[in-house]
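Just so it is clear, none of the values below were taken in a lab; they were calculated from the coordinates. It should be emphasised that the depicted structure is a prediction, and the values quoted were computed from it without experimental measurement. Positions of Cβ are backbone-derived with ideal geometry, glycine not excepted, and every protein chain shown enters the neighbour counts.
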Amino acid sequence: MLKQHASCNRRLFNAGCCKFKLKQTEPPNERASAMVELAIVLPLLMLICIGTIEYSRMFSSKEIMSLAAREAANEAFRECYETSPAFCSDGVTSAIDACLERYVLGIGDQISKGLPGVGVIMSMYAQDKLGTISQIGSAEYDPEDIAASHFSVPIIQANFNALLVNKKSIVVAEIFYNHPVTFKVDFIPRIQLYEATVF
């Protein structure tokens, strides 16, 4: 399509002095196909971006939980171990419960600032002279009722018997967290993260 230059008038046009330029227009079918391609690709790009953000947040939460579980189990074992050999005494068991309770509340209050609604369970197991394994203490911090221990006496006996032979007692720290998604969608549930340390 030829378009007359703005500086032309009828007299110059008749004299053959006007300049013309060709106006190029994109065919309508190409613009429509570009819009269709964008409509297909854009949701995929958004899903990739959202997935990357969620994975980064989840990885950060797991790192916080892992560090907290290690520190809690380590410190609780060192402080609560002194009373554990005489675990047959009810008074000693109560003392161990109180010791674990102090650490559970401390670690729960600390990490709940960054991970609201976190649940913490700490338990201590010991082996007597006859080789019998028993749970001698436990404590729980679970404001949202999401924690359920994955450990029991049979599990400890099956998987950590050799460790108990050498140490006589162990502390298990478990941390639970329902990780919320950034963009709240009804059909996407919270992902429960779990971290445990045996010391």
> Can you give me the relative contact order of segment 65-198 as a percent, contacts being Cα pairs under 8 Å and 6 or more apart?
Replying inline: 28
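What FRET efficiency comes out for the pair residue 165/residue 130, r = Cβ-Cβ distance, R0 = 22 Å, nearest 0.05?
Taking R0 as 22 Å, the efficiency between residue 165 and residue 130 is 0.95.
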> Ranked by Cβ crowding within 10 angstrom, fewest neighbours first, how are 109, 145 ordered?
Replying inline: 145, 109
> Volume per residue, Å³, of the convex hull around the alpha-carbon atoms of segment 65-198?
Replying inline: 107
>> Could you work out how much longer the chain between residue 33 and residue 113 gets when fully extended? Use 0.36 nm per residue separation minus the Cα distance between them, nm to one decimal.
In response: 23.8 nm
> Of 194, 55, 177, 103, how do they rank once you tally other Cβ atoms within 10 Å and put the fewest first?
Replying inline: 55, 194, 103, 177
> Which far-off residues, 5 or more places away or on another chain, put their amide H under 5 Å from the one on residue 142, with H placed in the peptide plane?
Replying inline: 120
> So how much slack lies between residue 194 and residue 58, counting 0.36 nm per residue of separation and subtracting their Cα-Cα distance, in nm?
Replying inline: 47.8 nm
> Between residue 102 and residue 150, how many nm apart are label points set 7 Å from Cα along the C-beta direction?
Replying inline: 2.9
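Taking the number of other C-beta atoms within 10 Å as the exposure measure, put 149, 169, 56 in order starting with the fewest.
Numbers: 149 16, 169 21, 56 10.
Lowest to highest Cβ neighbour count: 56, 149, 169.
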